[in-house]
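In what follows, a single structure is set out as structure tokens and then discussed.
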């Protein structure tokens, strides 16, 4: 099923893009790639070096579509070309209630710790804001607060979620720990941070596979190594990973990114 372009404010039929942004949102477009003005608290978000290094040059970005369900070898090539240690996905989809929702992380890399979750949250916020959308984060863990002490894995997700909430709030990002209550989180927020990349992938495939949601596409979040990339031209890779994905929706996402990252 093909989505409407109107889900992305910058693709609204308006010749003045800045005017379109101001009509749809309460904040100005971001022009500084090293810091992001947070639309919720009006404080400055300092990007971690692993995020800022990917968006530090005021040059045009090339948006590259990998199509639907690319071979895994592609990610190895991207890692080598872009000098990145990990590749996570920022999932973009519509729920069955036609709500635009973002989530992270999902594969191909497996998230290992709180640092990976923080990277995905801050990189995701940057991209979502560039698309002209006000981000609000709901952090999901593996249990309720009263479950602490019942299982080591669940305990760790609860502790990580609380720590991540504190880190993001300190940087002026709207974030709330919703425990395991994902169904309540989606009523309040538009960006879900899941406990790990496996959870993220299963949520996407459940919503779009078992449910009636629509995958728009995946934006690859590249976590850099300390080495300089082989190619200095900035690239953003997108793809679809579900069987029901309509590549026309991926083209709409590509168009939205091309406009928003090259204003």
Practice task
Check residue 208 against each of (1) within 26 Å of residue 175 (Cα to Cα); (2) buried (at least 20 other Cβ atoms within 10 Å of the Cβ); (3) at pLDDT 90 or above and name the one condition it does not meet.
Solution key: (3)
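What number of residues within the stretch 1-22 are at pLDDT 50 or above and either surrounded by fewer than 17 Cβ atoms within 10 Å (Cβ to Cβ) or out of contact with any strand residue (DSSP E or B) (no Cβ under 9 Å at 6 or more places or on another chain) (or both)? Walk me through how you get there before you give the answer.
To start, the set of residues in the stretch 1-22 that are at pLDDT 50 or above comprises 1-12.
After this cut, where a residue has to be either surrounded by fewer than 17 Cβ atoms within 10 Å (Cβ to Cβ) or out of contact with any strand residue (DSSP E or B) (no Cβ under 9 Å at 6 or more places or on another chain) (or both) as well, the list is 1-2, 4-6, 9-12.
The total comes to 9.
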Fill in the blank from the handout: Of (1) crowded, with 23+ Cβ neighbours inside 10 Å; (2) in a helix (DSSP H, G or I), residue 118 fails just (1)
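Looking only at residues that are within 19 Å of residue 213 (Cβ to Cβ) and modelled with pLDDT of 95 or more in the stretch 107-134, which one is farthest from the chain's Cα centre (by Cα)?
At the first step, the residues of the stretch 107-134 found to be within 19 Å of residue 213 (Cβ to Cβ) are 107, 124, 128, 131, 133.
So of that shortlist, the ones also modelled with pLDDT of 95 or more come out as 124, 128.
Details: 124: 3, 128: 7 Å.
For the stretch 107-134, the residue satisfying everything is 128.
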Practice task
Could you tell me whether the stretch 89-106 includes any residue that is over 20 Å from residue 185 (Cα atoms), in contact with a helix residue (DSSP H, G or I) (Cβ under 8 Å, 6 or more places away or on another chain) and either at pLDDT below 95 or part of a loop (DSSP other than H, G, I, E, B) (or both)?
Solution key: no
Exercise for the section: Scan the helices (runs of 4 or more DSSP H) fully inside the stretch 136-213 and keep the ones with 3 or more residues being under 16 Å from residue 114 (Cα atoms). Expected result: 152-170, 197-205
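Based on this model, can you work out whether residue 36 counts as under 21 Å from residue 200 (Cα atoms) and either at pLDDT 90 or above or buried (at least 20 other Cβ atoms within 10 Å of the Cβ) (or both)?
No; evaluated as a whole, the condition is false for this residue.
Condition check ((1) under 30 Å from residue 260 (Cβ atoms); (2) buried (at least 23 other Cβ atoms within 10 Å of the Cβ); (3) modelled with pLDDT under 95; (4) out of contact with any strand residue (DSSP E or B) (no Cβ under 7 Å at 6 or more places or on another chain)) across all residues:
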| site | (1), (2), (3), (4) |
| --- | --- |
| 138 | yes, yes, no, no |
| 142 | no, no, yes, yes |
| 151 | no, no, yes, yes |
| 168 | yes, yes, no, no |
| 171 | yes, no, yes, no |
| 200 | yes, yes, yes, no |
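The values are calculated or read from the model by the stated rules, or taken from the named source; none is laboratory data. For clarity, every value in this text was computed on a predicted model and none was experimentally measured. We place every Cβ from the backbone using ideal geometry, glycine too, and count neighbours over all the protein chains shown.
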